[in-house]
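Q: Please find one structure pasted underneath; my questions will follow.
The values are calculated or read from the model by the stated rules, or taken from the named source; none is laboratory data. Source: prediction; values computed, not measured. A quick note on method: Cβ atoms are made from the backbone with ideal geometry, for glycine too, and the neighbour counts reach across all protein chains shown. Accessible surface is based on the protein model in full, side chains and every heavy atom, while ligands, DNA and RNA are left aside. Shrake-Rupley method; radii C 1.70, N 1.55, O 1.52, S 1.80 Å.
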Amino acid sequence: MQDILINWAPQETRVAIVENGVVQELHIERALERGLLSNIYAGRVARVLPGMQSAFIDIGLERAAFLHVADLHRDEPAGRDNTAVPPIEKQVFEGQTLVVQVIKDPIGSKGARLSSQISIAGRLLVFLPQDDRIGISQKIGSHELREQLRAPMQALVGQSESGHSGGFILRTNAEEATDAELAEDIAYLRKTWNAIRERAFKAASGTLLHLDLSLVQRVLRDLTHEQTQAVRIDSRLQYEVLRDFGAQYTPTSVAKLEHYAGERPIFDLFGIDQEIERALARRVELKSGGYLVIDQTEALTTIDVNTGGYVGARNFDDTIFKTNLEAALAIARQLRLRNLGGIIILDFIDMVRAEHQEAVLAELRKQLARDRTKTTISGFTQLGLVEMTRKRTRESLAHLLCEPCPTCEGKGQVKTPRSVCYDILREILREARQFNPKEFRVIASAAVVEMLLDEESQHLAGLSDFIGKPVSLRTEPSLSPEQYDIVLL
C-alpha cells in the first residue's frame, strides 16, 4: 500500500511516496525553478543546424532550447526508411514561429528539448491535437482488453466535433472509467487546445501558451491510484486548493486527501528528511552489511556493489549471491529515489555460476518493473557489468539540491598539503628566475604553512639558499587547501 506525503511551503514543494513504510520516490519543485516539462510555448527558430538535423529555438529562456528533426510534426507520416523524412532545413527556417512543447527539462549545461508534436494530458486521456489515432496504454491488461476499450473511445471521439477531432491515448487510470467521464475529459482537453491555439495566433515568440499543472496537482492526477491509502498535505490553504482541483478533475482521489495539522513537520514525523540526506550520500548501506557506491558523472552513473562486512554463513558463492540479490532491490529503489537517468553501469560482485547471474538479473527486472520511468537492461557484458538506461526527463536529486564543491571544484578530491608545498617550491623557483625581489612571501592554508615549517622546512631552507632570497610564510584561513599566493616584496 502507498501513502503520499506533501510538504508545502511558498518557496518549495516536496512530495514523498512511501510504500510499506519505505520511501520509494521523492519529487521536489521550487517556485523559482519550476520544471518546464509539458509547457507549451510560441517559439522562434533562432538557428538551423543541418549537420545535426536540429534547430535552436528561442522560447524566452536563458538558454535556447533544442529541437531535433525527429520531434517535428509532419502532416504526412514518414515512411519506414529514414530518407523519407525531409531534412530539417527543408522544414523550418530562421525567424519562423513554431508552437512547441518541452519534452525534457534543461539539465546541467543543456537547454530544454522540444517537440512540435503537441500532447496535452488530462485525468483519463492524453490529447494529440495533430493526430487522429486512438491509442491505449500498454500497461492496461491484455491485447484483447485494449481492443475492447478502443471501440467505445472511437465512438466518443466521433460524437464530439466534425472535421479534424484529434487523437487520444487512454491512460492507465481510465480502464474503469465511464463513457460520461471520458466524454468530459475529451471536452476539457479540446477546450484547452482551442485556448492554446487562440493565444498562439496573437502571441509573440517566447510567450508561454500553456503552463502544466503544479506538483501538488500532478500528485492527484498522476501519482494517486487504487493502491494509495492517503494523500497527506501540511498546508490548509493548499489542501483547499487541491480539494477543489480534485473535485473537478480527479473525484476518486478526493476521499484520500487529508490535511495534516500535527505539531511536528510532516517530513520529520515520517523520517523523510533523513532519507533525503541518505539519498545524497555516495555510499548506501545494505542490511546484510554490504554497501553500494554511487557515482554520477556527466556521461553516466556507476553503481558498485561490495560485500563490506557481510561474511555469510555457508560459502563464499552464496555470500556474493545474497549480497547481489539485496543490491538489485536497493539499486532499483535508489534509481527512483535519486531520479538517476541516462546510461547506468552496474558493477555487481563477480558471480561464477550462470544461474546466479540470471537470478540477479530477474530480481533487478522485477524491481524495475515498478518504476514509472522507462528503463532498459542489456544484461551482463563480457566484463561482468550490467548496462542499463533510464529515461531522463528532469534533474536528478543531487543536481537539484547540490552544487559542485567550491574547494575541489567538483573533482571529489583535493591535493595533499605536501603536494601543495611542492607546487609552491616550484613556483618560487620559477619566479626567482624572472624577477629579483627582496623577499618572497607565501600565503597559504594553515595545513600547508605548518608542513613548510615542519616536515618540509629543510627543503624550504635549501631553496632559499639556492635563490639567495628569504622566504616568509603567512597563514590565511579563508584559503582552501589547494589555494596559495606568492607575493614579491
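Q: Only one of the listed values, (i) 1.06; (ii) 1.21; (iii) 1.26, was derived from the coordinates as Cα Rg over 2.2 N^0.38 Å; which label is it?
A: Correct label, based on the coordinates given: (iii).
Q: Would you mind putting 23-31, 297-305 in packing order, based on average other-beta-carbon counts within 10 Å, highest first? Don't skip to the answer; put the middle values down first.
A: Working: 23-31: 18.0, 297-305: 15.1.
My ranking of the peptides, most packed first, is 23-31, 297-305.
Q: Which far-off residues, 5 or more places away or on another chain, put their amide H under 5 Å from the one on E258, with H placed in the peptide plane?
A: Residues meeting the amide H criterion: V231, R232, I233.
Q: Could you let me know the centre-to-centre spacing of the stretch 221-282 and the stretch 38-69, using Cα atoms, in angstrom?
A: So the two Cα centres are separated by 36 Å.
Q: Right, another one. For the stretch 330-489, count all C-alpha to C-alpha pairs, find those more than 25 Å apart, and express that count as a whole percent of the total.
A: On the way: 7133 of 12720 pairs.
Of all Cα-Cα distances in the stretch 330-489, 56 percent exceed 25 Å.
Q: Moving to a separate point now. Show me 64-72, 92-100 ranked by packing, highest mean number of other Cβ atoms within 10 Å first. All intermediate terms of the calculation are to be shown ahead of the outcome.
A: Values: 64-72: 19.6, 92-100: 16.3.
Top to bottom by mean Cβ count within 10 Å: 64-72, 92-100.
Q: First select every other residue whose beta carbon is under 12 angstrom from the beta carbon of V293; then total the charges, Lys and Arg +1, Asp and Glu -1.
A: On the way: positive: R282, R283; negative: E285, D295, D304, D347.
Summing Lys and Arg as +1 and Asp and Glu as -1 gives -2.
Q: For the stretch 1-149, what class follows from the C-alpha gyration tensor (a ≥ b ≥ c being the square roots of its eigenvalues): rounded when a/c is under 1.5, otherwise prolate if a/b is larger than b/c, else oblate?
A: On the way: a/c = 2.57, a/b = 1.30, b/c = 1.98.
Because a/c hits 1.5 or more and a/b fails to exceed b/c, the stretch 1-149 counts as oblate.
Q: Under a point-charge model restricted to the Cβ atoms of Lys and Arg (+1) and Asp and Glu (-1), what is the dipole moment magnitude of the chain relative to its Cα centre, in debye to the nearest 20?
A: Numbers: 59 positive and 68 negative charges, 160 e Å.
Using Cβ point charges on Lys, Arg, Asp and Glu, the chain gives about 780 debye.
Q: Run the numbers for A299 and E263: contour at 0.36 nm per residue of separation, minus the present Cα-Cα distance, in nm.
A: Working: separation 36, 0.36 × 36 = 12.96 nm, distance 4.39 nm.
Working it through step by step, the gained length comes to 8.6 nm.
Q: Quote the Stokes-Einstein diffusion coefficient, in whole µm² s⁻¹, for the stretch 252-357, based on the Kirkwood radius over alpha carbon pairs, a temperature of 10 °C and a viscosity of 1.306 mPa s. Working shown, then result.
A: Working: Rh = 16.1 Å.
So the translational diffusion coefficient is about 98 µm²/s.
Q: On average over all directions, what projected area in square nanometres does the stretch 317-361 have, based on the convex hull of its Cα atoms?
A: Computed as one quarter of the Cα hull surface, the answer is 3.2 nm².
Q: Please report the net charge: other residues with Cβ closer than 13 Å to the Cβ of L213, K and R +1, D and E -1.
A: +1
Q: Okay, moving on. Determine the share of the stretch 382-489's accessible area contributed by carbon and sulfur atoms, expressed in whole percent, with a 1.4 angstrom probe. Walk me through the numbers before you get to the answer.
A: Values: 3460 of 6800 Å².
Accessible surface attributable to carbon and sulfur in the stretch 382-489 totals 51 percent.
Q: Show that you can apply the helix-only estimate: for the chain, add -39,500 (n - 2.57) for every DSSP H stretch of four or more residues, divide by all residues, and state [θ] at 222 nm to the nearest 500.
A: Mean residue ellipticity at 222 nm (helix-derived): -10000 deg cm²/dmol.
Q: Let me ask you something else. Less than 23 Å apart at the alpha-carbon level, and either on another chain or at least 8 residues along: which lysines does that give for K438?
A: Hits, sequence-local ones excluded: K469.
Q: Rounded to the nearest whole Å², what accessible area per residue is found for the chain with the 1.4 Å probe? Write down the numbers at each step before the final one.
A: Values: 26410 Å² over 489 residues.
I get 54 Å² per residue for the chain.
Q: Continuing with the same structure: R0 = 35 Å: FRET efficiency of K391 with S478, Cβ-based, nearest 0.05?
A: Working: r = 43 Å, r/R0 = 1.24.
My answer for the efficiency is 0.20.
Q: Using the Cβ atoms and a cut-off under 13 Å, what net charge is assigned to the surroundings of R474, where Lys and Arg are +1 and Asp and Glu are -1? Can you show the working numbers first?
A: Values: positive: R441; negative: E439, E450, E476, D485.
Local net charge: -3.
Q: Please give the charge dipole size of the stretch 383-425, origin at the Cα centre, charges +1 on K and R Cβ atoms and -1 on D and E Cβ atoms. Round to the nearest 20 debye. Before the final figure, lay out each step's value.
A: On the way: 7 positive and 5 negative charges, 35 e Å.
Value, rounded to 20: 160 debye.
Q: Then there is this: Treating only the Cβ atoms of Lys and Arg (+1) and Asp and Glu (-1) as charged, compute the dipole magnitude of the stretch 310-377 about its Cα centre; round to the nearest 20 debye.
A: On the way: 11 positive and 9 negative charges, 104 e Å.
Dipole size: approximately 500 debye.
Q: Using the charge dipole of the chain (Lys, Arg: +1 at Cβ; Asp, Glu: -1 at Cβ; taken about the Cα centre), state which of A151, P50, L36 has its Cα farthest towards the positive end.
A: In the chain, that residue is P50.
Q: Just need the Rg to Rh number for the stretch 333-414, please, alpha carbons only, Kirkwood Rh. Before the final figure, lay out each step's value.
A: Working: Rg = 15.5 Å, Rh = 14.6 Å.
Across the stretch 333-414, the Cα-based Rg/Rh ratio is 1.06.
Q: What lysines could a cross-link reach from K191, if we take a straight Cα to Cα line under 28 Å and drop same-chain neighbours fewer than 8 places away?
A: Cα-Cα hits under 28 Å: K104, K139, K202.
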